[in-house]
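Read the structure below first, then the notes.
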Amino acid sequence: MPIKRFISLFLLALSTVLHGQVLRDTVVYDYLKSVQISPEGEPLDFPAYELGTKKGLQLSFDDLAYEWNNYSYRIFHCTKNWEKSDLLINQYLIGFKGNYLNNFAISVGTFVPYTHYSVKFPNAETKPRVSGNFVIEIFQNDDPDDLIIRRRFIVYENLVVPSVSVSRAVDLENFSTQQQVSASVNLIDYPIQDYFMDLDLSILQNRRWNNSKNNLKPTFINDGILTYNFMGSESFDGGTEFHTFDTKRLNQVGLGVKTSRLDTCWEVYLYEKKNRSISVYSFQNDINGRRFYNRADVGNPDLAGDYCWVEFYFESPELDLPVYVYGQLSDWELLPEFRLDYHKDRGAYSKKVLLKQGYYNYVFAHSDQKGGISTALTEGTHWQTRNDYTLIMYNRSMGLRYDRIIGYFKPSQAL
């Protein structure tokens, strides 16, 4: 085989592999902290931008290496399954694919120094032409392959009206632990040729992509109104209400904080939490696993918010599976830096994690037999738990080369 032809086939095969890769949220280096993407001025909200409107999204993070780095960002359009789409850059973006990350500043008055970076988009350099799933990637040294951060977001059009309701699971096996989600979508003013081939619905629990139900089809269709009733494998574990702690004022004891002290930096010790796996459901107010960064005594917490070592303490018999601190603070993943250590002499787990000042929710979690994440052995799981659900409606009709988002139901508690 001629060498040129071999190289061409190799590059084609490599391109095919990369094109089919599922793009997930990623932070490559442990000195990159407090990564957040959300609508401008709404740090607790889901990263969704309505196409053509003025209010955009903001991505920010802290670099604790505390030195200037040459960071850039680029944006990709994706399929409904988070693979890169077939669209060319000029078909999904107005402007440039790659741009420098020029908005940065050094922290002020903190015991742990850092550089804070942020970018708002759409902006003068880039804005989306179409709706759909998108990712923004941060890379360094002018090398797009030197990825440091990736975050997912959606761009939607408000063309159909989804709604959702949640009830107790109907099957006896999961009657006490799972929630059954029902949805309806009003398509009366949006023409569709094939309801089953052209439309797909995704449902997210607590703004998480790692347990979302995707490519869902309607159960009933009546005069342009689609009804979705799910049970069995399409039900969600109810989970549990989240624990809370507040470090907005480090010189005072906040909610969930037992004590704090200043050494070379602040150290915060949370109240002990006990294993709740066999406890009955108990309601407590939470923000469904999210967190937001804040410092109460300054005007700009982005630059003045300090980092502190937070110690988590979990009283429990030793489990056969590793136990982790879990929530948005861990990027909704079971990360090594959040894995707790077991102390047999105390009959408890503990772990110190470096976190920025703010208000946090968390639970103790473990992996399950299906490769997912569960709280069944640590916190229990209950059908009554107050979760919120997000609906995203995708459309790819004949002749349309991308997965268009025609409806978005903002996260809402529906139980």
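In table form, for the structure just shown:
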read-out: Which numbered condition Leu262 misses (of (1) surrounded by 13 or more Cβ atoms within 10 Å (Cβ to Cβ); (2) modelled with pLDDT of 95 or more); value: (1)
read-out: Top-ranked residue in region 147-197 [being surrounded by fewer than 14 Cβ atoms within 10 Å (Cβ to Cβ) and charged (D, E, K, R); ranked as modelled with the highest pLDDT]; value: Asp194
read-out: Cβ pairs under 6 Å, 6+ apart, first in region 116-132 and among the acidic types (Asp, Glu), second part of a strand (DSSP E or B); value: Glu125/Gly95; Glu125/Asn99
read-out: Residue count, region 37-67 (criterion: in contact (Cβ under 8 Å) with a residue 40 or more places away in the chain, small (Gly, Ala, Ser) and not in a loop (DSSP other than H, G, I, E, B)); value: 2
read-out: Test: residue in region 231-250 that is surrounded by 13 or more Cβ atoms within 10 Å (Cβ to Cβ), of a type in the set (Phe, Trp, Tyr), in contact with a helix residue (DSSP H, G or I) (Cβ under 8 Å, 6 or more places away or on another chain) and part of a strand (DSSP E or B); value: no
read-out: The lone exception for Lys54 - which of (1) modelled with pLDDT of 95 or more; (2) under 30 Å from Ile287 (Cβ atoms); (3) surrounded by fewer than 20 Cβ atoms within 10 Å (Cβ to Cβ); (4) not small (Gly, Ala, Ser) it fails; value: (1)
read-out: Qualifying residue in region 286-303 (condition: at pLDDT 95 or above, more than 26 Å from Asn206 (Cα to Cα), crowded, with 19+ Cβ neighbours inside 10 Å and not β-branched (Val, Ile, Thr)); value: no
read-out: Pairs where the first residue, in region 255-269, is touching a residue at least 12 places away in the same chain (Cβ under 8 Å) and under 14 Å from Phe245 (Cα atoms) and the second is among the β-branched types (Val, Ile, Thr) and part of a loop (DSSP other than H, G, I, E, B), C-beta under 6 Å, 6+ apart; value: Val268/Thr247
read-out: Test: residue in region 68-76 that is at pLDDT below 95 and assigned to a helix (DSSP H, G or I); value: no
read-out: Qualifying residue in region 317-338 (condition: farther than 16 Å from Lys33 by Cα, buried (at least 16 other Cβ atoms within 10 Å of the Cβ) and of a type in the set (D, E, K, R)); value: no
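The values are calculated or read from the model by the stated rules, or taken from the named source; none is laboratory data. These numbers come from a predicted model, not from an experiment. Quick reminder, even Gly has a Cβ in these numbers, built from the backbone with ideal geometry, and neighbours come from all protein chains shown.
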